[in-house]
Amino acid sequence: MQKTEAILIGRQRQTETSLLVEWCCAEFGIFKTIAKGALRPKSPFAGVLDLFVTCDLRFVPGKSSDLGILSEARWTNPRLGLRTSYGRLLAATYLVKLVEQVAERHAPLPEVQPLLVKALDYLAEKDPNPALVHRFEQRLAEALGIVAEGEKSLAAEAIADVFHQRLPVQRKQLFEWMKEHAK
């Protein structure tokens, strides 16, 4: 049995009553668990397994696969403020997709996960702005060793170049949303 604190970054229906849940934590990186019976009305997971929440978890790692079995999850930070604005959800989605794009499965993320926590906590309180997005991209690129610390760069383009992938589509949508809602 493993214990950790992790951010729920993805979920999808696995069976009629179970969910496949993706987590991000500093210790185990990005990993998946199955939450058996999570969709049953009296499940202990009912109302807990929501996107972008931070939970204390207990899970059994998979023996023959990368898929663990979730045995317990309790909120430590629900980030309910994210649900107050489409822009906040869009920004949170972009940041998570970007981390997923650059992180190796099951590799510890001691610098990246706290960065994601800080950004999600900010978004739970305030709407996104270009400075937040650029700062997150810069710090992520620095943590990955793509750009030198403090070096001003086009971090997003550097990330795309190094990983040979386009940036998540949510980035363009987010900047359009921020432009429309600029104060």
Notebook entry, point to check: Quick one: what Rg and Dmax do you get for the range 31-87 from the alpha carbons, in Å?
Noted result: 13.0, 41
Next item on the list: Just tell me the longest site-free run in the chain, where the sites are GluC sites (Glu not before Pro) in a DSSP loop having at most 14 other beta-carbon atoms within 10 Å.
Entry: 28-103
Margin query: Along its three principal axes, how long is the range 1-154 when you only count alpha carbons? Whole Å, largest extent first please.
Written below: 50, 36, 23
Check: Taking only C-alpha pairs under 8 Å that are 6+ residues apart, what is the relative contact order of the range 34-183 in percent?
Finding: 20
Check: Can you give the FRET efficiency for Glu104 and Glu180, using 1/(1 + (r/R0)^6), R0 = 35 Å, r = Cβ-Cβ distance, to the nearest 0.05?
Finding: 0.45
Note to self: Using a Gaussian network model on the chain with a 10 Å cutoff between Cα atoms, which of Ile30, Ile159, Ile146 fluctuates the most?
What the structure shows: Ile146
Checklist line | Degrees separating the helix 86-102 axis from the principal Cα axis of the chain, which is the longest one | finding: 80
Checklist line | Long pairs among Lys32/Lys97; Lys36/Lys118; Lys3/Lys97; Lys32/Lys172; Lys42/Lys97; Lys42/Lys118, criterion Cα-Cα beyond 22 Å | finding: Lys36/Lys118; Lys3/Lys97; Lys32/Lys172; Lys42/Lys97; Lys42/Lys118
Next item on the list: Bin width 10 Å, alpha-carbon pairs only: give the P(r) of the range 80-180 as whole percents, running from 0 to the bin holding the largest distance.
Entry: 16, 50, 31, 4
Next item on the list: Using only Cα atoms, tell me the angle between helix 130-143 and the longest principal axis of the chain; keep it within 0 to 90° and round to the nearest 10.
Entry: 70
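Taken together, the values in this text are just the output of simple stated rules run on the coordinates, not laboratory data. On a predicted model such as this, the values are computed, not experimentally measured, just so you know. Note that we place each Cβ from the backbone using ideal geometry, even for glycine, and neighbour counts take in every protein chain shown.
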